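One structure is given here, and the rest of the page talks about it.
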Amino acid sequence: MSHPHTPAHGHAEHQQHPHPHPHSGGDDAEQAEVLDLDAEVLAGHLAAITDWLPLDAEPQQIVDLGAGTGAGTFALLRRFPAARVTAVDASPGHLLRLREKAAALGLDDRISTVQADLDAADWPDLGTPDLVWASASMHHMADPGRALVQVRELLRGGGLFALVELAGFPRFLPADAPADRPGLEERCHAATDRLHAEHVPHRGADWGPLLTAAGLTVTGERTVEVDIDATEHPSVGRYALATLRRIRTAAAEHLDPADLAALDRLLDADGPGSVALREDLAVRTQRQVWAAHR
Ligand SMILES: C[S@@+](CC[C@H](N)C(=O)[O-])C[C@H]1O[C@@H](n2cnc3c(N)ncnc32)[C@H](O)[C@@H]1O
């Protein structure tokens with residue numbers, strides 16, 4: 001690789017996820033599977049977002065903050081063929097996976113990875129990017145206001161910050177499913193929402209005022225509705241299975257035993273009740289996007 005992994009200073013103390021909480025499940029491999037499926041199933045929506053960005057010129061240097069396994073990194077590399085992307089994340093496992101994917105795609109000379117805790121008061125040297133991208137990562141920050149100021153300081157003058165956020169996990173099942181426990185999925189979400197409110201209170205926030213308070217100028221905002229029928233994409237069943245598995249980790253102790261048993265039947269990948277076998281699935285969710293200039 002011509003642009004090797006660059007360890008950020010002080011990374012040794014950040015080997016573990018800095019904020020274990022229900023969204024991460026404390027398990028990087030499980031999260032990585034969901035992030036990869038998310039990128040695969042929502043690829044068209046992600047491309048629509050990168051197409052929409054109000055840029056004056058093609059960016060050359062891009063930084064992807066909280067890049068995970070590279071959903072945004074690869075969408076940006078595809079959209080901007082002359083650009084290089086620096087992918088920053090706290091998780092060495094996610095960054096390793098991102099580098100492996102880049103190598104498999106022949107894109108390793110256009111990426112570099114930096115392992116860093118973005119909650120730190122000092123960020124490592126990330127250059128002077130024309131475009132900073134952060135998707136589903138800013139709500140993880142302990143102090144999002146401070147992180148947004150750091151984003152402004154990082155950008156070159158006139159550069160663009162693209163902030164993509166989500167209100168929550170996608171929904172997959174019809175409201176009357178499963179037959180023996182209708183409404184199960186919403187009850188699972190109600191259980192995890194309580195935990196999210198405690199651990200990631202900025203998820204679902206209105207980021208416009210926060211961006212303005214950080215000294216950025218909001219120049220665009222849009223909501224992208226996602227509604228993908230299982231017949232439209234072969235991975236919807238696997239995506240539902242992987243997501244509900246993570247939700248189970250967070251929701252289990254708050255669920256009624258009959259609901260937990262019904263959830264386990266859906267999660268039994270080889271059983272007749274497996275969610276992956278259902279033909280009535282759809283991916284229903286939203287992405288909110290803010291464009292803000294320095
Ligand atoms: C929900 S994932 C989103 C990943 C990717 N941006 C995407 O859209 O698929 C959130 C990412 O933020 C990273 N993250 C959370 N807190 C962080 C921190 N304090 N410093 C660096 N990365 C962090 C996690 O490791 C994870 O990869």
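Can you pull the one-decimal nm distance between simple spin-label points at A82 and D268, each 7 Å off the Cα toward Cβ?
Taking the simple label geometry, A82 and D268 are separated by 5.8 nm.
If you average 1/r across every pair of different Cα atoms in the chain and take the reciprocal, what Kirkwood value do you get, in Å?
Across the chain, the inverse of the average 1/r is 19.7 Å.
Does a label point 7 Å from the Cα of R222, set along Cα-to-beta-carbon, have any residues of segment 27-60 with amide nitrogen under 18 Å, and which are they?
Residues 42-59 qualify, since their backbone N sits under 18 Å from the label point.
Computed from the mean reciprocal separation of all distinct C-alpha pairs, what Kirkwood hydrodynamic radius does segment 168-213 have, in Å?
With all distinct Cα pairs of segment 168-213 included, I get 12.5 Å.
Among T128, Q150, V164, whose Cα sits farthest toward the positive end of the charge dipole of segment 117-171 (+1 at Cβ of Lys/Arg, -1 at Cβ of Asp/Glu, about the Cα centre)?
Final value for the positive-end residue is V164.
What span do the alpha-carbon atoms of segment 217-290 cover on each of the three principal axes, reported in whole Å from largest to smallest?
Principal-axis extents of segment 217-290 (Cα, largest first): 49, 31, 14 Å.
Based on the Cα coordinates of segment 146-294, what is the per residue volume of their convex hull in Å³?
So the per-residue Cα hull volume is 127 Å³.
Under 15 Å from the Cβ of V88, count the other residues' Cβ atoms, weight Lys and Arg +1, Asp and Glu -1, and hand me the total.
-4
Debye calculation, C-alpha points only, no solvent: report log10 I(q)/I(0) for segment 43-117 at q = 0.13 Å⁻¹, in the same order as the q values.
Values returned for q = 0.13 Å⁻¹ are -0.35.
Helix-derived [θ] at 222 nm for the chain: sum -39500 (n - 2.57) over DSSP H runs of at least 4, divide by residue count, nearest 500?
Mean residue ellipticity, 222 nm, calculated: -11500 deg cm²/dmol.
With Cβ to Cβ distances under 14 Å as the rule, what net charge do the other residues near E279 carry (K, R +1; D, E -1)?
Taking every Cβ under 14 Å from that of E279, the sum is -2.
With a 1.4 Å probe and all protein chains left in place, how much of the accessible area of the chain comes from carbon and sulfur atoms, in whole percent?
Carbon with sulfur: 51 percent of the solvent-accessible area.
Kindly report the accessible area of the chain per residue (heavy atoms of protein chains, probe 1.4 Å, no ligands, DNA or RNA), in Å².
42 Å²
Give me the number: length gained by fully extending E30 to A142, i.e. 0.36 nm times residue separation minus the C-alpha to C-alpha distance, one decimal in nm.
Extra length available between E30 and A142 comes to 38.1 nm.
The values are calculated or read from the model by the stated rules, or taken from the named source; none is laboratory data. Note that this is a predicted model, so its numbers are computed, not measured. Positions of Cβ are generated from backbone atoms using ideal geometry, with glycine treated the same way; all protein chains shown enter the neighbour counts. To get the accessible areas, we keep the full protein, side chains included, count just its heavy atoms, and leave off ligands, DNA and RNA. Shrake-Rupley method; radii C 1.70, N 1.55, O 1.52, S 1.80 Å.
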